[in-house]
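Here's the structure we're looking at; comments come further down.
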Amino acid sequence: ALATAFAANDPGAFNRTLDRYAAELQKDLPKRVWKAKVESVFNQMQPFYSSMVIFVLIFILACASWLVWPQTLGRYAFALLLLTFAVHSAGLITRMYLEGRPPVTNLYSSAVFIGWGAAVLGIFLERFFRNGIGSATTATIGFITLLIAHHLSMDGDTMEMMRAVLDTNGWLATHVVCVTLGYASTFLAGFLALTYIVRGAFTPSLDRATAQSLTRMVYGIVCFATLFSFVGTILGGIWADQSWGRFRGWDPKENGALLIVLWNAIILHARWGGLVRQRGLMVLAVFGNVVTSWSWFGVNMLGIGLHSYGFMDSAFPWLITFGASQLAFMMIGLLPPHLWKSSLEPVKTPASQKMADATA
């Protein structure tokens, strides 16, 4: 009837037929009709795009708070961060409802979830330290990850059918979520370290108290990243054993996840062993951005492996550019202290203080 009315160019008959069909669907499939309405509102509201825009304002307010009115602008930035987190969370929960799946099911949703995970950690950091750094860093990661998600959405359906090997909600809710939280926290540690290097090398605003706060932030987030990356990798091995009959097959994605665990472990052991102090910790954390970006996107560009679902040649220049920028910041972090605009005295550890007192 719809095709007949359309062919006859009869809008009135077409609309009446469409209304009758919609009423029948509402009667026979009320849940599906409701879900379709929710998806329509979700697409119109565009919560992730709105969050991306607000993240820019949060970053501006947080950075401005380091120059003037620190308490006032810092509170505004944090309030906006909470608002944006609520919008971001609402969008994430709506996607889970529409798909009937855990939050991470494909590359697009991983970008959305990484921004959300960084926001959760950033809110705790800002609540505890109250210096604007948590807000600024979270806003940066949130904007970048949602921008990546926005561009990925242009490739087609973001709620695509699940591939057979991934069609297991239990493992999606455990292994994939843990690994993605490892991505988010490793990125957060890396961007906190970038804040240390940028403020220290290019501005005189990095005082000793701020440097110590950033050191505690990076150390705590790296501990969190190590835990979730390790647990996620182990769970992935169990899932691989059930799906493919082997715990580990040195697949590129598996190697990338293992690299994140090993690199975060190297950072912690270097810190515990006294091999690095503040600046060394920051330089190592920045390289975590390179390791994580490779594990997240790089393996998809290889076009091989059980975890690669499409060749992403268009993103290769951006990945190389990002990696090169991180290496450049690492080199800046290794510059002699007198070349930095912020003058920081070495922070003595209790052991080194005792040694200094003993030799005095």
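The values are calculated or read from the model by the stated rules, or taken from the named source; none is laboratory data. Quantities reported herein were computed from a predicted structural model and do not represent experimental measurements. Here the Cβ positions follow ideal geometry from the backbone for every residue, glycine too, while neighbour counts run over all protein chains shown.
Here Phe247 meets each of (1) over 17 Å from Leu284 (Cβ atoms); (2) of a type outside the set (Gly, Ala, Ser); (3) in a helix (DSSP H, G or I) with one exception, condition (3). Which members of the range 240-266 meet the condition of being farther than 24 Å from Leu188 by Cβ, surrounded by fewer than 20 Cβ atoms within 10 Å (Cβ to Cβ) and hydrophobic (A, V, I, L, M, F, W, C)? If the condition is that a residue be farther than 24 Å from Leu188 by Cβ, surrounded by fewer than 20 Cβ atoms within 10 Å (Cβ to Cβ) and hydrophobic (A, V, I, L, M, F, W, C), then Trp244, Phe247, Trp250 are the ones that fit. Of all residues in the range 207-228, those satisfying the criterion of being more than 13 Å from Gln278 (Cβ to Cβ) and not polar (S, T, N, Q) are Gly220, Ile221, Val222, Cys223, Phe224, Ala225, Leu227, Phe228.
Any idea which of Ala136, Ala111 is within 24 Å of Phe59 (Cβ to Cβ) and in contact with a Ser or Thr (Cβ under 6 Å, 6 or more places away or on another chain)?
Working: Ala136 fails: in contact with a Ser or Thr (Cβ under 6 Å, 6 or more places away or on another chain).
One residue alone meets the criteria, Ala111.
Consider the range 137-155 and keep the residues that are under 14 Å from the mean Cα position of the chain (by Cα) and hydrophobic (A, V, I, L, M, F, W, C). The one that is surrounded by the most Cβ atoms within 10 Å (Cβ to Cβ) is Ala139.
Scan Gly182, Gly232, Gly237 and give me the residue that is touching a Lys or Arg at 6+ places or on another chain (Cβ under 6 Å) and either in a helix (DSSP H, G or I) or touching a residue at least 24 places away in the same chain (Cβ under 8 Å) (or both).
Of the residues listed, the single one that is touching a Lys or Arg at 6+ places or on another chain (Cβ under 6 Å) and either in a helix (DSSP H, G or I) or touching a residue at least 24 places away in the same chain (Cβ under 8 Å) (or both) is Gly237.
Return the only residue of Leu214, Leu258 being of a type in the set (A, V, I, L, M, F, W, C), modelled with pLDDT under 95 and part of a helix (DSSP H, G or I).
Numbers: Leu214 fails: modelled with pLDDT under 95.
Step by step, each of Leu214, Leu258 is checked, and only Leu258 is of a type in the set (A, V, I, L, M, F, W, C), modelled with pLDDT under 95 and part of a helix (DSSP H, G or I).
Selection of first residues in the range 129-153 that are in contact (Cβ under 8 Å) with a residue 12 or more places away in the chain and in a loop (DSSP other than H, G, I, E, B) and of second residues that are surrounded by 24 or more Cβ atoms within 10 Å (Cβ to Cβ) and of a type in the set (Gly, Ala, Ser), restricted to Cβ pairs under 8 Å at least 6 apart or on distinct chains, gives the following pairs, ordered by first then second residue: Gly132/Ala62; Gly132/Ala77. When Ala3, Ala13, Ala23, Ala7 are checked against the criterion of being more than 46 Å from the chain's Cα centre (by Cα), surrounded by 10 or more Cβ atoms within 10 Å (Cβ to Cβ) and not hydroxyl-bearing (Ser, Thr, Tyr), a single residue qualifies: Ala13.
Listed conditions (1) at pLDDT 95 or above; (2) over 14 Å from the mean Cα position of the chain (by Cα); (3) within 25 Å of Phe224 (Cα to Cα) are all met by Ser50, apart from (3). Only one of the numbered conditions (1) within 19 Å of Ser185 (Cα to Cα); (2) of a type outside the set (Ser, Thr, Tyr); (3) surrounded by 20 or more Cβ atoms within 10 Å (Cβ to Cβ) is not met by His269, and that is (3).
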